[in-house]
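What follows is one structure encoded as structure tokens, with my remarks underneath.
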Amino acid sequence: MSAVRNGMPALDLGTEGWIKPWSAGNGGSCVEAKKLNDGRVALRQSTDPQGPALIYTHAEMAAFIQGAKAGNADVLLI
């Protein structure tokens, strides 16, 4: 496998281990996540599993989740 980098093809990270923690129940258009061996998290669009993966550090994912829980992203839904 090539070096893990932001924007790499999600399929290069393998087909196993992807989960849908943010499934919207909207017919399969979901964000899928995969925890990588080094602790980073990869995200991909479920309708485009061959598309790019966004790679985030543990700290970045923690900040995002904590911020979302605190309502900091609610403005995106207005």
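Read-outs throughout are calculated quantities, based only on the coordinates presented, and are distinct from any laboratory measurement. Please read all numbers here as calculations on a predicted model, not as lab measurements. Cβ: placed from backbone, ideal geometry, glycine included. Neighbour counts: every protein chain shown.
Counting pairs of alpha carbon atoms under 8 Å apart in space and at least six apart in sequence, what relative contact order in percent does the chain give?
25 percent
On a full-extension model of 0.36 nm per residue, what is the gain between R5 and S29, subtracting their alpha-carbon distance, rounded to one decimal in nm?
Taking R5 through S29 to full extension adds about 6.3 nm, to one decimal.
With r defined as the distance between the Cβ atoms of L76 and L36 and R0 fixed at 35 Å, what FRET efficiency is calculated, to the nearest 0.05?
Once rounded, the FRET efficiency stands at 0.85.
Roughly what angle does helix 58-69 make with the longest principal axis of the chain, taking Cα atoms, 0 to 90 degrees, to the nearest 10?
30 degrees
Taking neighbour Cβ counts within 10 Å as the exposure measure, how do E32, E16, E60 sort from fewest upward?
E16, E60, E32
Under 10 Å, Cα contacts only: if you run a Gaussian network model on the chain, which one of G67, G39, G17 comes out with the highest mean-square fluctuation?
The residue with the greatest mean-square fluctuation here is G67.
How far apart, in nanometres, would the label points at Q50 and I65 be if each is projected 7 angstrom from Cα along the Cα-to-Cβ direction?
With each label placed 7 Å out from Cα toward Cβ, I get 3.2 nm.
Which residues' amide hydrogens lie under 5 Å from the amide hydrogen of C30, considering only partners 5 or more residues apart or on another chain, with H built in the peptide plane?
Correct list: S46, T47.
Before rounding to the nearest 500, sum -39500 (n - 2.57) across all DSSP H runs of length at least 4 in the chain and divide by the residue total; then give [θ] at 222 nm in deg cm²/dmol.
That calculation yields -5000 deg cm²/dmol at 222 nm.
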